[in-house]
Amino acid sequence: MILPAAQLTPSGRPVLQQGEVEVSLLDKVDLEFQLVGGLAGQLAESYKNGYAILTNRRLIWVDAEPIPLVTAAPAAGGASSGVRAASLPLAAVVACNKKVQYTLKGAKVRLMLEVYTDGQRQPVPASGFHTKIDILGIRCRGPAPDAFKTQMEEQVRQAVAADATSSSAAQTPRAPGSASGSGSSDIGSASGGAGQLGAHWSPLRTGLRQKSQLSDSSLTVGVGPGGSQTAAALPPGSGVVVGATANTQSPVIAEVRPDPVMLQQMVEMGFARNRAARSLVATKNRGAQEAIDYLLAYGDQPGMDEPLDQSPATRPAGPPQAAAASWGTASTQQPAFDTASRFYPAIFPFSIPPPAGNDNPYEPSSQSPYGAVLCSGGAATAGAMEPAGFGGMAAPQPQLPLTAKHLSALRPLSHQYGSAPELVRSAAASPSVPGSAAGSSGSLDLVIGPSRTIGVAGIVKREQQKTAESGRAVEQAFRDLSALMSSAASMVALAEKFRGVLGVDGAPGAAAGAAGPGGEDPLLMDLETQQQLIALGISSPVTRETAGARYHIELSRQLADFLATPLQRVGGLMSLPDVYCLFNRARGAELVSPDDLLQAAKLFARAGVQGLRLRPLSSGVLVIQGPQHSEEQVCTKIAQLTTPPPPSSTVSASPAGADLLDKPPPRGNGPPLLGPGLSVSDVALALGGISVAIATEHLLMAEARGIVCRDDGPEGLRFYRNFFRQDRLDTAALMGF
Amino acid sequence: MRRGPGIAGLQHAARTKEQFKLTGEEVKKNTLQAMHEQLAAFRANLEEFARKHRADIRRDPVFRAQFHTMCANIGVDPLASNKSLWASTLGFGDYYYELGVQVVEACLATRSVNGGIMDLASLLKYVNRRRGSQGEPVSEDDVVRAISKLKVLGGGFDLVTIGGHQYVRSVPGELNLDKNKALEVAQGRGYTSVAEMCTAAGWPKSRAEDVLQALTREGIAWVDDGAPDGLRLYWFPCLGGGLDQAA
């Protein structure tokens with residue numbers, strides 16, 4: 001099995017993706033492959049002596065060298081100098097079994113992972129196309145892996161679920177490529193392949209995505225491959241509403257009728273016609289085999305045997321709420337999704353109903369809630385798209401009279417589908433669009449009459465609705481913890497919006513002497529510090545739970561990664577209390593105690609961190625110094641500062657390093673020049689603006705190494721080059737004094 | 001808006017534009033006002049959640065990361081726990097470590113103004129504001145304990161007593177006796193001058209000048225050349241006592 005490489009930071013910690021969080025760590029782990037495997041270019045039978053990190057998306061194995069080799073040019077990726085890091089996406093894992101082999105020398109404990117792989121022996125997620133199942137062995141030489149295994153199974157479950165959702169959403173834009181790429185002769189699968197939709201597909205999401213797609217790319221490009229392919233694949237009676245979509249370059253294809261060929265196949269196999277039709281519709285004509293699987297799985301649902309055409313009439317308004325709830329929770333309820341299939345026509349951005357022939361089953365009343373939402377999502381672009389797009393539209397928009405009932409059905413959606421203001425804006429923006437697109441399209445009315453939704457009054461009302469919606473969203477989200485968890489993403493977006501708007505306005509607002517709410521500046525820190533804190537935030541802090549036995553080493557690595565930026569800002573030296581404050585602020589509520597911090601700082605060398613060292617100053621202060629403050633560098637700099645300028649041009653520039661200490665300075669005609677004397681403030685300036693106390697420390701350290709000598713006189717303390725050592729002193733002449 | 005012909009049309013257009021601008025500003029003001037209120041509600045909710053559901057938030061790493069992003073954006077401090085009985089008597093629990101983080105943050109934030117020396121009263125006020133409205137207020141004794149827990153991080157962060165008042169020093173560097181004396185002399189009014197030092201402490205002029213200039217170099221003292229009689233005054237922002245009473 002070929003595993004993709006995982007990126008490592010300079011200190012050896014894995015680079016985590018957006019939204020990825022560490023969960024656990026297992027020490028002393030070997031990877032054993034079937035035959036050979038590993039990173040591309042470094043195939044071996046097994047990778048020995050590493051540790052495994054479990055995150056919520058991947059399983060990362062890292063080489064545990066005691067000290068990585070120091071390279072001349074430290075590489076940015078982690079694969080420098082033989083530290084291998086391989087990652088395995090959790091969505092590709094099928095199962096995990098623990099196997100214990102008892103031998104004379106003891107027990108060999110292994111975790112066997114079954115992984116989906118494709119033709120190139122690379123792992124593919126469960127929803128992708130895989131050819132076989134490969135086995136990866138994890139030999140655990142350290143602590144017992146039972147807890148790790150339980151956590152891994154939990155994360156695998158979540159990763160597979162998340163992957164299924166995202167793949168169904170991601171496949172719709174990929175559809176033109178896949179449609180042209182698959183080149184399948186099977187009509188059903190061609191049109192099905194172009195419209196690969198999982199159980200969690202949402203017309204709203206698709207509509208909003210189309211909004212961005214349509215504004216990006218030109219129509220013609222998309223129409224070509226997608227349109228021609230699917231148009232060619234359209235049998236007349238299939239009822240696939242692809243014709244209209246091809247004109248809008250929409251990759252989403254709605255199947256509302258079962259494919260007759262597949263239906264016939266299933267009937268010949270002995271399944272009841274109505275059941276077969278329903279299961280084909282539910283699996284979107286992907287294939288007869290899948291329809292049969294669906295049928296066998298859900299055959300016991302009530303209503304499976306009812307004929308397909310009559311269902312919309314019997315299920316008007318109830319399903320919208322149910323469907324909304326089910327979509328919100330991304331459940332895999334097929335019957336509810338089946339209901340959703342009734343609303344396929346509503347997915348088109350311009351809310352075009354299917355061509356007149358297929359109009360019968362679809363009543364406006366059952367269509368309208370989603371029609372409104374998607375009309376709004378798409379209608380917002382209608383104005384922009386209008387010059388280019390409308391020419392292809394076959395049917396004009398119908399007048400969809402909405403009642404308050406449907407508007408109330410609209411409400412629960414707004415909370416679940418992302419930032420509430422955005423949604424309501426798009427819903428509320430629609431009335432303005434008909435004003436601009438009055439010529440070719442119909443107008444869409446919301447609840448109130450037209451006079452109150454256009455013009456300035458409309459704008460005012462929309463702003464009010466927007467703020468009311470976000471207020472309601474906040475209220476609902478904070479009802480209890482689980483509500484907050486489920487709407488956390490939208491709340492984060494809202495919080496960032498607040499910061500963006502009010503952070504910018506906060507300064508002029510406060511400066512204008514606005515009494516404001518509360519009369520005090522709510523942001524106690526200045527904006528820059530706050531932005532830095534947000535930028536430096538550590539989303540996956542190392543804790544005892546996530547790191548186990550390697551807690552201090554991983555903590556010191558995370559500290560080193562974190563400190564790179566702040567150290568540079570203060571000139572390379574930071575005292576430990578400041579480090580404590582910044583590090584804990586970045587970690588949020590996961591505090592690290594002062595003792596742990598001290599331990600971690602002492603372990604910099606052992607953890608393989610380049611450049612950072614904990615340094616006790618003579619006054620008892622502990623500081624962490626960056627690479628530019630290492631002792632060698634400082635001594636070199638000070639030696640350079642104290643060498644006298646060369647008297648003649650034949651003498652070369654002052655050599656660096658230890659030569660300066662022993663080599664006699666250039667001799668002029670008389671006794672050797674003493675050179676400039678350094679005071680503490682000179683050194684502070686020369687070393688980059690560090691504080692006076694630190695400069696004193698450096699000078700004292702240089703004196704201890706014999707590079708400079710001191711002169712304590714009436715002008716204060718000054719330091720000169722150590723001429724005692726460097727010059728050949730004439731002892732006889734000295735004795736004469 | 002349609003522009004009529006002639007000057008009347010121009011005037012009409014100008015008036016209409018003016019009206020629109022006013023309406024726009026009105027709308028913007030209302031929206032901003034509503035947003036401020038929502039922000040306050042958001043902040044109050046976040047603080048309450050940070051306090052009540054602390055353990056649950058810490059348990060789920062993905063949600064924890066999102067919660068911290070929210071807090072960082074809104075300016076809420078997620079370190080919020082109340083002192084428990086055991087914590088105060090035996091010194092257990094996270095309370096003092098959190099307080100330590102907040103104390104160091106207070107010193108960091110004001111270091112550019114007072115040079116690294118902050119008096120305890122203003123430190124207390126800062127920390128209480130930062131903790132938000134939901135928690136119990138912090139007392140001086142708590143701050144002292146939190147600082148003592150930071151001792152393991154080496155020197156450079158401790159309490160000094162100058163002339164009866166307590167200050168928190170957060171920069172490494174000694175306050176020798178001369179500097180202490182200067183701060184003592186300036187404690188009454190928050191400022192001093194060379195002449196005053198000479199009379200109050202009985203020093204020669206050069207010594208007083210040396211000390212005050214050293215304090216200025218370290219950032220603890222600020223020079224004021226705008227006094228009415230031209231005398232150079234040295235102000236000490238860290239001696240917040242006098243200024244607070246005036247305000």
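The values are calculated or read from the model by the stated rules, or taken from the named source; none is laboratory data. Computed from a prediction, not measured in an experiment: that's the story for all the values here. Cβ atoms come from the backbone with ideal geometry, glycine included; neighbour counts cover every protein chain shown.
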So in segment B:114-162, with the set limited to residues that are of a type in the set (Ser, Thr, Tyr) and part of a loop (DSSP other than H, G, I, E, B), which one is farthest from the other protein chains (Cβ to nearest Cβ)? B:Ser139
Reported set for segment A:608-621 where residues are crowded, with 16+ Cβ neighbours inside 10 Å, touching a residue at least 60 places away in the same chain (Cβ under 8 Å) and of a type outside the set (A, V, I, L, M) is A:Gly608
Looking at (1) more than 21 Å from the chain's Cα centre (by Cα); (2) surrounded by fewer than 23 Cβ atoms within 10 Å (Cβ to Cβ); (3) farther than 22 Å from A:Pro616 by Cα, find the lone condition where A:Thr546 falls short. (1)
Output yes when any residue across segment A:669-684 is at pLDDT 80 or above, more than 30 Å from B:Ser170 (Cα to Cα), assigned to a loop (DSSP other than H, G, I, E, B) and among the hydrophobic types (A, V, I, L, M, F, W, C), and no when none is. yes
Suppose we filter B:Thr31, B:Thr16 for residues that are of a type in the set (Ser, Thr, Tyr) and more than 7 Å from chain A (Cβ to nearest Cβ); which single one remains? B:Thr16
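Inspect segment A:513-531 for any residue being modelled with pLDDT of 60 or more and more than 10 Å from chain B (Cβ to nearest Cβ) and give the result as yes or no.
Taking every residue of segment A:513-531 in turn, at least one turns out to be modelled with pLDDT of 60 or more and more than 10 Å from chain B (Cβ to nearest Cβ).
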Pairs under 8 Å by beta carbon, first residue touching a residue at least 40 places away in the same chain (Cβ under 8 Å) in segment A:458-473, partner charged (D, E, K, R), six or more apart or different chains? A:Lys466/A:Arg425
Test: residue in segment B:53-68 that is within 8 Å of chain A (Cβ to nearest Cβ) and not in a helix (DSSP H, G or I): yes
Among (1) of a type outside the set (Phe, Trp, Tyr); (2) part of a helix (DSSP H, G or I); (3) more than 14 Å from chain B (Cβ to nearest Cβ) - the single one A:Gln599 does not satisfy: (3)
Criterion (surrounded by 19 or more Cβ atoms within 10 Å (Cβ to Cβ), under 26 Å from A:Ala564 (Cβ atoms) and at pLDDT 80 or above) met by exactly one of A:Ile707, A:Ile694, A:Ile690, A:Ile624: A:Ile624
Against the conditions (1) assigned to a strand (DSSP E or B); (2) farther than 18 Å from A:Ile2 by Cα, where does A:Glu154 fall short? Just the number, please. (1)
Please work out if A:Ile638 is surrounded by 20 or more Cβ atoms within 10 Å (Cβ to Cβ) and under 29 Å from A:Gly675 (Cβ atoms). yes
From the list B:Leu22, B:Leu46, exactly one residue is out of contact with any helix residue (DSSP H, G or I) (no Cβ under 9 Å at 6 or more places or on another chain) and more than 7 Å from chain A (Cβ to nearest Cβ). Which is it? B:Leu22
Of the residues that make up segment A:123-137, is at least one in contact with a Gly (Cβ under 6 Å, 6 or more places away or on another chain) and either modelled with pLDDT under 85 or part of a loop (DSSP other than H, G, I, E, B) (or both)? yes
When you check B:Val171 against the structure, is it away from chain A (no Cβ under 14 Å) and closer than 24 Å to B:Ser112 by Cβ, yes or no? no
Subset of segment A:473-491 [more than 8 Å from chain B (Cβ to nearest Cβ) and either polar (S, T, N, Q) or surrounded by fewer than 16 Cβ atoms within 10 Å (Cβ to Cβ) (or both)]: A:Gln476, A:Arg479, A:Asp480, A:Ser482, A:Ala483, A:Ser486, A:Ser487, A:Ser490
Within segment B:87-104, can you find the residues that are part of a helix (DSSP H, G or I) and either at pLDDT 60 or above or in contact with a Lys or Arg (Cβ under 7 Å, 6 or more places away or on another chain) (or both)? B:Tyr95, B:Tyr96, B:Tyr97, B:Glu98, B:Leu99, B:Gly100, B:Val101, B:Gln102, B:Val103, B:Val104
Consider A:Phe583 carefully, then state whether it is at pLDDT 85 or above and within 14 Å of chain B (Cβ to nearest Cβ). yes
Any chance segment B:140-162 includes a residue that's within 14 Å of B:Tyr96 (Cβ to Cβ) and small (Gly, Ala, Ser)? yes
Determine whether B:Ala41 is part of a helix (DSSP H, G or I), within 11 Å of another protein chain (Cβ to nearest Cβ) and of a type in the set (A, V, I, L, M, F, W, C). yes
I need a count of the residues in segment A:124-154 that are polar (S, T, N, Q) and without any contact (Cβ under 8 Å) to a residue 40 or more places away in the chain. 2
From the set of residues in segment A:1-44 that are among the small types (Gly, Ala, Ser), touching a residue at least 40 places away in the same chain (Cβ under 8 Å) and part of a strand (DSSP E or B), which is surrounded by the fewest Cβ atoms within 10 Å (Cβ to Cβ)? A:Ala5
